[in-house]
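Scroll down for the structure; my scribbles are underneath it.
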Amino acid sequence: MVKRTGQRGVPVIQVDGQIVVGFDRQRLEQLLASSLPRVKLGVTTGDAARSAPAGSPAQGAYVARVREGSLGENAGLRSGDVIVEVDGKAVHTAAELESTIAPLAPGRHTLTVVRAGETVTAVLEV
């Protein structure tokens, strides 16, 4: 390789104090993912298809509990809500809600919620 490129170095990358020698894509992705701040709503959810009472949407994240002082409480979420969209993107399961919320950038975000059969909008301030 030295003959072909003239390069004699090996990449050395530091992420949050962790050193990666060479190009280890999987390790770099792991370190970068864990170093990013992750948004947490502060709600306990389950899949609407399994957890929500009859008459609730068949898809979405059913809110079982909202922690006091959490982002979810500040957005006006209540127990019994079913979150069906985040910023216009459909949410089908509780896991999908978490993976959609976690990387949100700071700012205002819109949650579409079904509450007692009516669709309401909650504003999430991250």
Which members of segment 82-114 meet the condition of being without any contact (Cβ under 8 Å) to a residue 40 or more places away in the chain and in contact with a Lys or Arg (Cβ under 7 Å, 6 or more places away or on another chain)? 100
Going through segment 105-118 one residue at a time, which ones are surrounded by 12 or more Cβ atoms within 10 Å (Cβ to Cβ) and either over 23 Å from residue 52 (Cβ atoms) or not charged (D, E, K, R) (or both)? 109, 110, 111, 112, 113, 114
Give me the pairs: first residue in segment 13-25 and basic (Lys, Arg), second residue surrounded by 10 or more Cβ atoms within 10 Å (Cβ to Cβ), beta-carbon distance under 8 Å, and six or more apart or on different chains, which are they? none
Return the pair list, or none, for Cβ contacts closer than 8 Å from residues in segment 56-78 that are assigned by TED's automatic domain parsing to the domain that holds residue 93 and modelled with pLDDT of 95 or more to residues that are surrounded by 15 or more Cβ atoms within 10 Å (Cβ to Cβ) and basic (Lys, Arg), at least 6 apart or on different chains. 63/78; 66/78; 78/115
Of (1) out of contact with any helix residue (DSSP H, G or I) (no Cβ under 9 Å at 6 or more places or on another chain); (2) of a type outside the set (Phe, Trp, Tyr); (3) in contact (Cβ under 8 Å) with a residue 40 or more places away in the chain; (4) surrounded by 13 or more Cβ atoms within 10 Å (Cβ to Cβ), residue 30 satisfies every one except (3)
Residue satisfying all of: in segment 69-104; among the aliphatic types (A, V, I, L, M), part of a helix (DSSP H, G or I) and buried (at least 20 other Cβ atoms within 10 Å of the Cβ); farthest from the chain's Cα centre (by Cα) among these: 71
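The values are calculated or read from the model by the stated rules, or taken from the named source; none is laboratory data. Since the structure is predicted, the reported quantities are computational estimates derived from the model, not experimental observations. Note that each Cβ is placed from the backbone with ideal geometry, even for glycine, and that neighbours are counted across all protein chains shown.
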